[in-house]
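Below: the structure, in structure tokens.
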Ligand code: UDP
């Protein structure tokens with residue numbers, strides 16, 4: 001159904017939100033009892049994967065990989081447009097495709113049909129679970145945040161079955177108590193909010209022991225956004241691909257991460273093609 005696009009050696013599904021949900025519905029309704037891992041690589045995660053082979057392996061062996069961030073959409077388009085060009089031509093193409101993000105958003109979506117943020121997909125999965133009936137467990141974030149996010153999700157999706165919460169941490173000493181809670185509550189869907197790469201590494205390390213979990217996804221700061229402990233960018237900023245700028249204004253301590261996403265990532269992509 002969807003083509004795989006590779007950026008900095010990480011595969012992505014060129015897929016719309018509706019197609020992603022359809023694929024998830026099909027998987028949950030199917031026979032496979034294996035855990036399907038969904039990853040949502042953003043520019044920072046791709047840079048991390050350059051120097052972290054274990055994380056790179058995880059991102060390469062995931063069931064679904066969605067482009068979380070306007071930077072990924074740009075990189076996909078740049079790869080397509082710069083093929084066969086000289087080095088100078090590539091620099092020109094990089095600048096043109098970056099400008100197109102603002103002046104011609106439609107063109108920017110010629111490779112990836114849309115940006116698919118982890119928090120949006122997570123909510124769509126919760127919505128879907130209302131009819132398919134899977135139990136959901138929310139793992140991670142600061143004390144009380146997962147519960148608050150759960151309350152908000154239930155206000156929106158009252159038929160969802162949110163069966164467990166646990167703040168905890170990805171540290172090994174917390175693992176047994178987490179596993180006990182997960183085994184008691186028997187979720188089929190597990191969302192993990194430890195931030196990348198800790199959440200993906202945790203899921204990969206323990207996937208064999210998470211009996212019954214059929215779909216899992218690292219969701220970063222999503223519980224904070226849903227609970228309202230962090231504010232999300234207004235819709236117009238998201239549509240313009242400026243969510244990163246909003247987060248920088250909200251959390252100036254993220255400046256290093258934003259620098260990586262906005263400056264180091266495009267340079268790495270430029271060098272890679
Ligand atoms: N977190 C956690 N335990 C840890 C480290 C992080 O629960 O040991 C949580 C943190 O509270 C936050 C999430 O992980 O809810 C990471 O959010 P961040 O904004 O860094 O993720 P992003 O959305 O940028 O991927």
Fill in the blank from the handout: The simple spin-label model distance between residue 172 and residue 91, using points 7 Å out along Cα→Cβ, in nm, is 4.9
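One quarter of the convex hull surface, Cα atoms only: what value does that give for the range 173-237 in nm²? Working shown, then result.
Details: hull surface 22.0 nm².
That works out to 5.5 nm².
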Exercise for the section: Report the extension gain between residue 267 and residue 249 in nm, rounded to one decimal, defined as 0.36 nm multiplied by the number of residues separating them, less their alpha carbon distance. Expected result: 4.1 nm
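Quick one: pull the percentage of alpha-carbon pairs in the range 60-169 with a separation above 24 Å. Kindly include the intermediate steps, with their values, before the conclusion.
Numbers: 2850 of 5995 pairs.
Cα-Cα pairs of the range 60-169 separated by over 24 Å account for 48 percent.
Classify the range 233-273: rounded, prolate or oblate, from the alpha-carbon gyration tensor (a ≥ b ≥ c, eigenvalue square roots; a/c under 1.5 rounded; otherwise prolate if a/b is larger than b/c)? Can you show the working numbers first?
Details: a/c = 5.61, a/b = 1.54, b/c = 3.63.
Oblate.
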Handout entry: Rounded tilt (10° steps) of 70-82 against the dominant C-alpha axis of the chain
Key = 40
Handout entry: Anisotropy class of the range 1-133 from Cα gyration tensor, a/c 1.5 cut
Key = prolate
Practice task
Kindly rank 33-40, 213-220, 142-149 from highest to lowest mean number of other beta carbons found within 10 Å of each residue.
Solution key: 213-220, 33-40, 142-149
Practice task
Take every Cα pair under 8 Å in the chain that's 6+ residues apart, average their separations, divide by the length, and report that relative contact order as a whole percent.
Solution key: 22
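With runs of 4+ DSSP H residues as the only contributors, calculate the mean residue ellipticity of the chain at 222 nm using -39,500 (n - 2.57) per run, divided by the residue total and rounded to the nearest 500. Kindly include the intermediate steps, with their values, before the conclusion.
Values: 15 runs with 146 residues, N = 273.
After summing the helix terms and dividing by the residues of the chain, the value is -15500 deg cm²/dmol.
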Exercise for the section: For the chain, state what percent of all Cα-Cα pairs lands in each successive 5 Å bin, counting from 0 Å until the bin that includes the largest distance. Expected result: 1, 6, 12, 17, 19, 17, 13, 8, 4, 2, 1, 0
Exercise for the section: Answer rounded, prolate or oblate for the range 15-85, using the Cα gyration tensor with square roots of eigenvalues a ≥ b ≥ c: rounded when a/c is under 1.5, else prolate when a/b is larger than b/c, else oblate. Expected result: oblate
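Where a number appears in this text, it was derived from the coordinates with a stated rule and is not lab data. Given the structure is predicted, the values throughout are model-derived calculations rather than measurements. For neighbour counting, all protein chains shown are included, and Cβ atoms are generated from backbone atoms with ideal geometry for every residue, glycine included.
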